[in-house]
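In what follows, a single structure is set out as structure tokens and then discussed.
The values are calculated or read from the model by the stated rules, or taken from the named source; none is laboratory data. Computed from a predicted structure; not experimentally measured. Cβ sites come from the backbone with ideal geometry, for glycine too, and all protein chains shown count toward neighbours. Ligands, DNA and RNA are stripped out before the accessible areas are found, and what is left, the full protein with its side chains, is counted by its heavy atoms. Shrake-Rupley method; radii C 1.70, N 1.55, O 1.52, S 1.80 Å.
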Amino acid sequence: MVHLGPKPPQHRKGTWTDVSETLLADLKELEEQLTVSGETLKKITAHFITELDKGLSKKGGNIPMIPGWVHDFPTGKETGNYLAIDLGGTNLRVVLVKLGGNRDFDTTQSKYSLPEHIRTAKSEELWGFIAKCLKKFVVEEFPEGCTSNLPLGFTFSFPASQSAINSGILQRWTKGFDIEGVEGHDVVPMLQAAIEKEGVPIDIVALINDTTGTLVASMYTDPEAKMGLIFGTGCNGAYYDVVQDIPKLEGKIPDDVPQTSPMAINCEYGSFDNEHLVLPRTKYDIQIDAESPRPGQQSFEKMISGYYLGEVLRLVLLDLVSKNHIFANQPLEKLNKAFIMDTSFPAKIEEDPFENLSETQELFQEVLGIETTSPERKIIRRLAELIGERSPRLSVCGIAAICQKRGYKTAHCAADGSVFNRYPGFKERAAQALREIFEWEDGVEDPIVLVAAEDGSGAGAAIIAALTQERLKKGLSVGVKQ
Ligand code: GLC
């Protein structure tokens, strides 16, 4: 088959003669469990479409399909200065965005690493931390003070039900966050109160999901962009649907919003297949879910997103250790620690350029205090490949489903996130999986492609804040019928 598009990397061949029969048998079994065929991808995609529809229905389903109350496509002409913050991964980012009005923008930003304990801290601590970071940033960027309050687009990358663009009730934490007193509450007044307590001149204008921000920021510069996708700590996508095609909004749409109006939808499809009907879950996925703060939630995300990839590898290795097949007489205290391997771990193993996998050797020594043998490293490398290949292959089922649902024959799927940007081979493997799902003809350019997104949680949040202010100025609504 000849396809014009990025090609996935070839698996390392090498010699396997020094690997014992026992380990080879283990590997064969793991390959069967972790490999997802093109046929399975098609089956998953078909189920995905029905689940997206269910999420938009009055009855609802597993996938929340949250209307984001963004009714406008960006024109690229939006202008003004906006602040944006991004909470949802491993860092808090604060960005000052200057929209140029000519499909261009400038950003100045600071990154504050989110102290690990914040993921499970008390609510006030989280909001206080963000407000303090905002204060630091505003003092640095506006040393002479501000003449009026700065409008802020708040990118909150969690499932938050929105009855208006400037509110969002957290349905549940995802990605290992577990902060008391936030689920079931509107996060906007909580952050606004903390901002006021710090005396920072900021008004939160819009609450945005990172995927919606990515969609809008990418459309601002690329009119072919049809989706905003995040493959990072979590995994999710957003697209524009049409008001009249969203049954659950019947009777809730204000009179000034036409039925044909666009509506950005934050799918929250990390929760796809929480019923476990089609995803080929392994015992490792089941264990990750069982030991997570929210068992039964985010089934899809837990198999593919950056928060979990290293953990899958750790659990597979521990399984082999429990059978006494690897790491004889090695200290295991560190390997026994949950989440000790982040996604950079399998990524670095896959990137190891040396035939004897010496970088893998060093990584295991430095991080885990484990001395590896050559056959063990070959197995570890192959496991990293299997885990690193399963993630993009499953991930694209969400993209394929949205394209089929909306009838997109061609599309730029604008993607961002640490896994998309930094995991070796992710883009190529994702492209290959799309080819298998769609069975495109030989010799043609892939009509649906993943492209690098514009900065959704910075520029996207700013553009949405600008679109919102514009609507408010015109007296148009930005939420459900009052
Ligand atoms: C998780 C969040 C979702 C976010 C995604 C990517 O799935 O629930 O809101 O978009 O991670 O950050």
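Per-structure values
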{"quantity": "Filter result for the condition that a residue is within 22 Å of GLY306 (Cβ to Cβ) and either open to solvent by 10 Å² or more (accessible area, probe 1.4 Å) or not small (Gly, Ala, Ser) (or both), over ARG471, ARG422, ARG435, ARG406", "calculated": "ARG422"}
{"quantity": "Selected residue (only one of GLU376, GLU355, GLU350 is at pLDDT below 95 and of a type outside the set (Lys, Arg))", "calculated": "GLU355"}
{"quantity": "Test: residue in segment 185-199 that is under 18 Å from GLY234 (Cβ atoms) and within 16 Å of the ligand (Cβ to nearest atom)", "calculated": "yes"}
{"quantity": "Test result for GLY398, buried (at least 20 other Cβ atoms within 10 Å of the Cβ) and of a type outside the set (A, V, I, L, M, F, W, C)", "calculated": "yes"}
{"quantity": "Segment 264-313, subset within 12 Å of the ligand (Cβ to nearest atom) and open to solvent by 40 Å² or more (accessible area, probe 1.4 Å), residue nearest to the chain's Cα centre (by Cα)", "calculated": "TYR307"}
{"quantity": "Meets criteria (among the charged types (D, E, K, R), open to solvent by 30 Å² or more (accessible area, probe 1.4 Å) and under 30 Å from GLY475 (Cβ atoms)) for GLU333", "calculated": "no"}
{"quantity": "Hey, ILE130 touching a residue at least 60 places away in the same chain (Cβ under 8 Å) and either away from the ligand (no atom under 16 Å from the Cβ) or open to solvent by 20 Å² or more (accessible area, probe 1.4 Å) (or both) or not", "calculated": "yes"}
{"quantity": "Total residues in segment 87-99, condition of a type in the set (A, V, I, L, M) and within 13 Å of the ligand (Cβ to nearest atom)", "calculated": "1"}
{"quantity": "Condition broken by ALA84, with the remaining ones in (1) within 16 Å of the ligand (Cβ to nearest atom); (2) closer than 25 Å to SER271 by Cα satisfied", "calculated": "(2)"}
{"quantity": "Meets criteria (aliphatic (A, V, I, L, M) and open to solvent by 20 Å² or more (accessible area, probe 1.4 Å)) for ILE169", "calculated": "yes"}
{"quantity": "Close pairs (7 angstrom Cβ cut-off, 6 or more residues apart or separate chains): within 18 Å of ASP53 (Cβ to Cβ) and within 16 Å of the ligand (Cβ to nearest atom) in segment 223-251, among the hydroxyl-bearing types (Ser, Thr, Tyr) and part of a strand (DSSP E or B) anywhere", "calculated": "MET227/TYR239"}
{"quantity": "Any hit, segment 119-127, residues being touching a residue at least 12 places away in the same chain (Cβ under 8 Å), more than 23 Å from HIS185 (Cα to Cα), among the basic types (Lys, Arg) and open to solvent by 40 Å² or more (accessible area, probe 1.4 Å)", "calculated": "no"}
